[in-house]
Amino acid sequence: MPIARELLMIVLIPSYEPDERLVALVREIRSRAAQLEVLVVDDGSGAAYRQLFEAARDAGAIVVHHAENRGKGRALKTGFWHAAAMWPGQNIVCADSDGQHTVPDILAVAARVASERDAMVLGARAFSGPVPTRSRVGNGITRRLFFLTTGVDLTDTQTGLRGYPASMLDWLDSVPGERFEYELELLLRAKPDGKRIVEVPIETVYLDGNSSSHFRPLQDSARVYAPMLRFGASSGVAAVIDYVMLFVLHALTGSLLVSVVGARATSAGANYLANRRFVFGRDSANSGRRYAALVLAILTANWALMHLLYVGAGLGLLAAKVITEGLLFFISYAVQSRLVFGRRTAPATLAADAIVPGRLTQGR
């Protein structure tokens with residue numbers, strides 16, 4: 001049964017193999033802001049950590065458990081479902097359990113969510129001072145790729161301190177992702193799905209060189225950058241077709257225009273089908289027509305750049321082709337993600353208490 005009492009906010013803390021900093025965080029939140037409820041999701045840490053989670057419960061948190069490790073994305077979704085069932089209509093702030101997020105910053109994000117009402121609020125770090133290299137470089141790369149993909153310039157794309165209004169819970173549940181990629185996927189889908197994003201400056205805190213992080217650089221980076229990697233693979237296959245047709249047609253006709261147009265027309269159909277099915281995993285009304293319009297625009301730019309480099313600058317055909325395709329790659333990805341296959345539905349506003357508690361034990 002839902003707990004019927006007024007709350008300012010729910011603080012959701014996904015946790016895997018934590019240390020005493022989790023207990024300290026729960027205790028400080030409860031002592032400094034008793035009106036906040038703290039919900040901790042144990043993501044399959046195992047029996048060795050049972051005592052720590054019991055201590056967190058004694059400090060004032062409600063603790064739920066996964067029987068096995070299922071990833072941060074799944075832990076967050078479990079928390080969303082429990083919060084919606086126990087405290088219908090309440091906003092949620094998500095924080096990490098390793099001490100990186102201070103209570104004043106958590107409260108600042110909570111206050112901003114309450115005032116914005118319909119926006120995702122990010123606690124944005126400035127990355128000043130002694131920041132681990134992998135964190136500084138990782139955020140810098142992701143930030144630039146994110147801007148190229150969405151056109152949205154965010155300070156911190158990897159922050160775990162985030163606030164969500166209650167009206168966004170159904171949408172949060174609908175976005176795919178089980179592990180670290182889930183939080184980036186939320187940002188990638190926010191603009192196409194009509195969700196606003198705002199940032200609140202927070203302190204940059206790294207303890208022991210961020211040694212407590214469970215982020216696995218190779219495996220989890222592959223998950224985080226999966227959309228761009230899939231697009232790269234799809235574009236690579238199309239490029240092979242395009243390159244082969246370019247040289248074949250140029251050898252047969254001697255015409256640069258016929259070669260460029262014929263090569264691109266041959267590869268475009270295969271590329272469209274691959275992107276619709278495997279890269280973006282969604283289709284929208286008139287995506288075929290929008291893709292055709294993009295192909296014509298890219299084709300025009302492709303021929304113009306090729307002519308400039310091959311004829312005007314005197315570069316070899318292969319060099320001109322490589323430079324041209326490299327310049328147009330990110331432009332094509334951004335346009336397809338946002339305009340060709342982007343969702344154009346209105347924001348979902350399903351009431352939080354419509355989420356059935358029984359779903360909490362089901363996988364997706």
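I'm checking my understanding of the structure. Among residues of the stretch 301-336 that are within 20 Å of Gly236 (Cα to Cα) and out of contact with any helix residue (DSSP H, G or I) (no Cβ under 8 Å at 6 or more places or on another chain), which one is least open to solvent (accessible area, probe 1.4 Å)? Here the residue is Gly326. Could you check, for the stretch 33-42, whether at least one of its residues is in contact with a helix residue (DSSP H, G or I) (Cβ under 7 Å, 6 or more places away or on another chain) and open to solvent by 50 Å² or more (accessible area, probe 1.4 Å)? Checked against the condition, which is being in contact with a helix residue (DSSP H, G or I) (Cβ under 7 Å, 6 or more places away or on another chain) and open to solvent by 50 Å² or more (accessible area, probe 1.4 Å), the stretch 33-42 yields no hits at all.
Among (1) at pLDDT below 80; (2) exposed (fewer than 12 other Cβ atoms within 10 Å of the Cβ), where does Phe278 come up short? Here Phe278 clears every test but (2).
Quick check: anything in the stretch 267-284 farther than 30 Å from Val175 by Cα and touching a residue at least 12 places away in the same chain (Cβ under 8 Å)? Outline the logic, then answer.
Residues of the stretch 267-284 that are farther than 30 Å from Val175 by Cα, as a first pass: 267.
From the residues that got through so far, the ones that are touching a residue at least 12 places away in the same chain (Cβ under 8 Å) too are 267.
Among the residues of the stretch 267-284, at least one is farther than 30 Å from Val175 by Cα and touching a residue at least 12 places away in the same chain (Cβ under 8 Å), which makes the answer yes.
Conditions (1) among the β-branched types (Val, Ile, Thr); (2) open to solvent by 20 Å² or more (accessible area, probe 1.4 Å); (3) modelled with pLDDT of 90 or more, marked per residue:
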{"site": "Pro130", "(1), (2), (3)": "no, yes, no"}
{"site": "Gly138", "(1), (2), (3)": "no, no, no"}
{"site": "Asp156", "(1), (2), (3)": "no, no, no"}
{"site": "Leu172", "(1), (2), (3)": "no, no, yes"}
{"site": "Ser221", "(1), (2), (3)": "no, yes, no"}
{"site": "Tyr225", "(1), (2), (3)": "no, yes, no"}
{"site": "Gly232", "(1), (2), (3)": "no, yes, no"}
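Among the residues making up the stretch 43-81, those that are within 19 Å of Val175 (Cα to Cα) and either open to solvent by 20 Å² or more (accessible area, probe 1.4 Å) or of a type in the set (Ser, Thr, Tyr) (or both) are Arg70, Lys72, Thr78.
Taking residues in the stretch 299-317 that are farther than 14 Å from Val258 by Cβ, and partners anywhere that are of a type in the set (A, V, I, L, M, F, W, C) and not in a helix (DSSP H, G or I), the pairs with Cβ atoms closer than 7 Å and at least 6 places apart or on different chains are Leu309/Leu315.
Within the stretch 88-109, residues that are open to solvent by less than 30 Å² (accessible area, probe 1.4 Å) reach partners that are of a type in the set (S, T, N, Q) and in a loop (DSSP other than H, G, I, E, B) with beta carbons closer than 6 Å, at six or more positions or on different chains, in the pairs Asp98/Ser212. Taking the listed residues Pro88, Pro104, the one that is assigned to a helix (DSSP H, G or I) and over 20 Å from the mean Cα position of the chain (by Cα) is Pro104, with no other qualifying.
I'd like to know if the stretch 12-31 contains one or more residues that are buried (at least 19 other Cβ atoms within 10 Å of the Cβ) and without any contact (Cβ under 8 Å) to a residue 60 or more places away in the chain. Within the stretch 12-31 (the criterion being buried (at least 19 other Cβ atoms within 10 Å of the Cβ) and without any contact (Cβ under 8 Å) to a residue 60 or more places away in the chain), the answer is yes, since at least one residue qualifies.
The values are calculated or read from the model by the stated rules, or taken from the named source; none is laboratory data. Everything numeric here is computed off the predicted structure, so don't read it as measured data. Note that each Cβ is placed from the backbone with ideal geometry, even for glycine, and that neighbours are counted across all protein chains shown. SASA here: full protein model, heavy atoms, side chains in, ligands and nucleic acids out. Shrake-Rupley method; radii C 1.70, N 1.55, O 1.52, S 1.80 Å.
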